Amino acid sequence: MEQNRADTFLRLIQRSQRGRLKLYLGYCAGVGKTYQMLLEARRLRAQGIDAAVGIVETHGRPETEALLENLDIIPRRSLSYRGIEITEMDIDAILARRPSVVLVDELAHANVPGSRNAKRYQDVEEILAAGIHVISTLNIQHLESLYETVEQATGVKVRERVPDKVVLQADQLVNVDIATEDLLQRLKEGKVYLTGKAESALSNFFREDNLEQLRELTLREVAAQIDLSRRSPTEEDAVASPDQVMACLSSRTENSAALLRYASRIAGRLNRNWYAVYVQRLTETPETVEAGIQRKMSNTLTLAQQLGATVFMYKGDDPVATILHFAREYRVGHIVIGNSGRKQPLWQRLLGRRSMIERLIQESRGMTIVVADLRHAAEQQQKDEAGGYLSDLRKHLFSRSDRKRQRDERDAPIFHANVLLWNEVLEKEAAIRQLLEAICVTHATIPFDYAWRAILEREKQGATFIGEEIAIPHARLEGLAAPVLAIGVSKLGIIDTASGNTAAIMFLMLSPIDRPDSHVKLLGQISKMASDDQWRSAVSRAATQIEVMQIVRQWLADRKA
């Protein structure tokens, strides 16, 4: 107990030397997080406090850009990535300037490869450690422990995520909230994204049901954080209370990441410490366990630490006894374990053998056993992991349903393309920029600067205008999981002043650099579509983005028939 008190005092000393973190939390882009952050910076400056801008993304919003006037903006650092210049926040410049408060927008941002830290939140931790206060912004869908919840609610896989511990350590959490109807109206008026992108956003992520789900999650999270700060038990209370949480892991645990996030949420609601306990059987050694399973467990334990768990590793042939021994020693009140869905063979039951979950329930005393049903997620994970084997098998067993599924996967970039309509004459680069911005709305992991420069570099190699009606600017990017596509239609034409070429329809195509086959296949599909006179004529007459997508999807359906 004396040691615990000494550790607590040491943490208080270390905490007093760190900067403070204030976080503006919202449920979606456009609710006003950056706007409120800049208003606060101006108030601080008016009170004589040295507040500077480390990095702020205005996304072309005039009202937000106006608030940057008269603020001290620390220049960004320019990095070269694959021959393309990209700007990121300059940590060294911030540490040398040492403002009292620095503004850091978009906490979940992934830095360009080659940066000092992989994630922006790691930059913020470094700034806080230097004693500089930080004001930042975050959308609720980027919270690590909510990954499965957000995917189930909205159907969107969020790639850029922030560990829960970063939010839990925030000194102030401010909810920036507006009604979903007001946000949708702002989007339609062009106050969230530049003109021409509203309908694309409305038909994708900015659907009313998605926004309502995210808004509810945000309100719950803020309420939970307020409750935690109000209760705020001391370290001694936390150690003395038998309410700690543990998550049980093994090399056979299915969908370990989802299990850890679930345990993290429970620990957060209880405001208690939590542990990730990995029990390895005595027969499992580096020589007997597959390399893939070892990598998976390594990644799982790393995630557990990011979520704020203390990780323990044990060996034993009786996992239940090991788990219960740990639980009693560390005063655990809640044991979280996954349900694989596997049934015990009848002959084992006839011999009186019980499943691991049954033993935990029967042999534990004074503990709550939480069985998380993660079978659906585990089944999907197994399908993904079996992809390599199945691709070989399909060479020999190739049914009609297999062919249909493969056609659906092949058509996905076209089927889910972003669409923009223009009723004006556009310069080629302006059209490309607007299409790329539309893609970045629905694919947040694509760095705009990187993609923009890659496209321009490709354009220098040769014109992408085909005939008098079609343009297909494209680029291959590193870090992209699958091809993405945007379609732009101009009633008055798209012009390349350098060459004099014009087009009525533009396809902007981005594909993974490590998958040249996907690039060629998608380019072939687009060429077939663009060569169809009836399709071009129908698209040119379309009055809305939705009508364009209906024409595109009908063309795909007719081709499959």
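The values are calculated or read from the model by the stated rules, or taken from the named source; none is laboratory data. The model shown is predicted, which means the values in this text are computed figures rather than measured ones. Neighbour counts are summed over all protein chains in view; Cβ atoms, including those assigned to glycine, are modelled from backbone coordinates with ideal geometry.
Would you say ARG433 is outside any loop (DSSP other than H, G, I, E, B), modelled with pLDDT under 85 and assigned by TED's automatic domain parsing to the domain that holds MET506?
Answer is no for this residue.
Where the second residue is in a helix (DSSP H, G or I) and of a type in the set (Ser, Thr, Tyr) and the first is farther than 15 Å from ALA267 by Cβ and lies in region 303-323, which pairs have Cβ atoms under 9 Å and are six or more apart or on separate chains?
Matching pairs, first to second residue: TYR314/THR322; LYS315/THR322; GLY316/THR322.
Just one of (1) surrounded by 18 or more Cβ atoms within 10 Å (Cβ to Cβ); (2) touching a Leu at 6+ places or on another chain (Cβ under 7 Å) trips up ILE132, so point out which.
Against the list (1) surrounded by 18 or more Cβ atoms within 10 Å (Cβ to Cβ); (2) touching a Leu at 6+ places or on another chain (Cβ under 7 Å), ILE132 comes up short only on (2).
ILE86 passes all but one of (1) surrounded by fewer than 16 Cβ atoms within 10 Å (Cβ to Cβ); (2) in contact with a Phe, Trp or Tyr (Cβ under 6 Å, 6 or more places away or on another chain); (3) among the aliphatic types (A, V, I, L, M); which number fails?
(1)
Which one of ILE494, ILE487 is touching a helix residue (DSSP H, G or I) at 6+ places or on another chain (Cβ under 6 Å) and β-branched (Val, Ile, Thr)?
After ruling out the rest, the residue left standing is ILE494.
Please list, ordered by residue number, the helices (runs of 4 or more DSSP H) wholly in region 132-210 having 1 or more residues that are in contact with an Asp or Glu (Cβ under 8 Å, 6 or more places away or on another chain), modelled with pLDDT under 85 and closer than 30 Å to GLN17 by Cα.
By residue number, 164-168.
How many residues does region 531-561 contain that are buried (at least 18 other Cβ atoms within 10 Å of the Cβ), under 19 Å from LEU492 (Cβ atoms) and among the hydrophobic types (A, V, I, L, M, F, W, C)?
3
Only residues that are surrounded by fewer than 18 Cβ atoms within 10 Å (Cβ to Cβ) and at pLDDT 85 or above: list them for region 512-527, please.
The one that is surrounded by fewer than 18 Cβ atoms within 10 Å (Cβ to Cβ) and at pLDDT 85 or above: ILE513.
For region 274-304, enumerate the residues that are surrounded by 14 or more Cβ atoms within 10 Å (Cβ to Cβ) and more than 22 Å from ILE361 (Cα to Cα).
Listed by number, the residues that qualify are GLU284, VAL289, LYS296, MET297, THR300, LEU301, LEU303, ALA304.
Against the definition (aliphatic (A, V, I, L, M) and farther than 24 Å from THR442 by Cβ), how does ILE495 come out, yes or no?
Yes; evaluated as a whole, the condition is true for this residue.
Can you confirm whether region 439-459 contains a residue that is on the phi > 0 side of the Ramachandran plot and modelled with pLDDT under 85?
no
Being at pLDDT below 70, surrounded by fewer than 18 Cβ atoms within 10 Å (Cβ to Cβ) and within 19 Å of LEU143 (Cα to Cα) narrows it down to one of SER229, SER241, so name that one.
Among SER229, SER241, only SER229 is at pLDDT below 70, surrounded by fewer than 18 Cβ atoms within 10 Å (Cβ to Cβ) and within 19 Å of LEU143 (Cα to Cα).
Quick one: is ARG295 basic (Lys, Arg), free of Cβ contacts under 8 Å to residues at least 40 places away in the same chain and assigned to a helix (DSSP H, G or I)?
Here the answer is yes, as ARG295 does meet what is asked.
Could you pull out the residue among GLU478, GLU459 that is closer than 19 Å to ILE439 by Cα, surrounded by 17 or more Cβ atoms within 10 Å (Cβ to Cβ) and either touching a residue at least 12 places away in the same chain (Cβ under 8 Å) or of a type in the set (D, E, K, R) (or both)?
After ruling out the rest, the residue left standing is GLU459.
Testing SER490 on (1) polar (S, T, N, Q); (2) surrounded by fewer than 21 Cβ atoms within 10 Å (Cβ to Cβ); (3) modelled with pLDDT of 85 or more, one condition comes back false. Which one is that?
(2)
With modelled with pLDDT of 80 or more, aliphatic (A, V, I, L, M) and touching a strand residue (DSSP E or B) at 6+ places or on another chain (Cβ under 9 Å) as the only criterion, which of ALA538, ALA530 stands out?
Matching residue, one of ALA538, ALA530: ALA530.
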